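Working notes for the structure below.
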Amino acid sequence: MNLDLSFYNWALFTNYIQKGLIFSIQLTVIATIGGILVGTILALMRLSGKPWLVLPATAYVNTMRSIPLVMVILWFFLLIPLIIGKPIGVNLSAIITFIAFEAAFFSEIVRAGIQSIPKGQVYAGQALGMTYSQNMRLVVLPQAFRNMIPVFMTQTIILFQDTSLVYAIGAYDLLKGFEIAGKNFGRPIETYLLAAVTYFLICFGLSRIVKRIQEKVAIIR
């Protein structure tokens with residue numbers, strides 16, 4: 001293979017990669033925050049013990065976890081404009097889709113985190129006269145979220161990798177920037193190689209941070 005890496009320079013980053021990297025990071029951050037918020041609601045619904053809350057939450061989580069993300073992206077992008085009568089744009093479509101999809105996975109993480117809290121903590125809150133919502137908000141969730149931080153970050157790394165799937169609807173993400181650069185320079189192999197290295201460096205760096213946090217959480221326990 002005759003690889004030509006001469007076009008690897010700062011201009012390549014600023015002209016092609018920077019825009020996609022910013023969107024991928026924005027999508028990851030927004031989807032993580034939104035997914036955790038919606039996922040927490042879904043987890044509380046599933047743990048409520050009330051069938052009218054448990055059944056729809058369970059159906060939503062199981063359905064989303066059983067469908068490939070790229071299919072959800074395509075369905076939302078193609079069907080929602082038909083329903084509301086106007087397009088919503090690729091970026092907004094990607095954000096809403098990722099929040100809706102990731103909420104199902106974060107829901108399971110939150111549910112497992114809540115169930116990992118010793119029952120004695122719950123009983124102690126009840127003994128102090130706390131209501132269910134107060135007990136959950138002040139006693140259970142703070143401890144559960146502290147324990148779930150490493151798992152949240154691991155899921156966030158996976159989410160960042162999955163942002164590359166927005167190519168299906170033409171969004172300008174990190175991978176799209178490399179693809180356009182490869183076409184313009186006539187060097188797709190080199191640009192995809194650089195894309196792989198970039199994804200690896202970002203995800204590997206984040207995984208090392210997760211490991212450090214996991215060690216600190218273990219010490220606190």
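The values are calculated or read from the model by the stated rules, or taken from the named source; none is laboratory data. Everything numeric in this text was worked out from a predicted model, so none of it was measured. Heads up, the Cβs are rebuilt from the backbone with ideal geometry, glycines too, and the neighbour counts pull from every protein chain shown. Quick note on the areas: whole protein, heavy atoms, side chains included, nothing else; ligands and nucleic acids left out. Shrake-Rupley method; radii C 1.70, N 1.55, O 1.52, S 1.80 Å.
Worth pointing out:
- Meets criteria (outside any helix (DSSP H, G or I) and of a type outside the set (Val, Ile, Thr)) for Met136: no
- Set side by side, the residues Lys183, Lys176 differ, and just one is touching a residue at least 60 places away in the same chain (Cβ under 8 Å), closer than 29 Å to Ile73 by Cα and basic (Lys, Arg), which is Lys176.
- Remark: Ile80 falls outside the filter, which requires a residue to be part of a helix (DSSP H, G or I), of a type in the set (A, V, I, L, M) and either within 17 Å of Ile158 (Cα to Cα) or in contact with a Pro (Cβ under 6 Å, 6 or more places away or on another chain) (or both).
- Residue match in the stretch 180-190 (condition: of a type in the set (Val, Ile, Thr) and more than 20 Å from the chain's Cα centre (by Cα)): yes
- Looking only at the stretch 1-50, residues that are under 19 Å from Ala112 (Cα atoms) and open to solvent by 80 Å² or more (accessible area, probe 1.4 Å) come to 4 in all.
- Set side by side, the residues Thr198, Thr191 differ, and just one is over 19 Å from Ile158 (Cβ atoms), open to solvent by less than 60 Å² (accessible area, probe 1.4 Å) and of a type outside the set (Phe, Trp, Tyr), which is Thr191.
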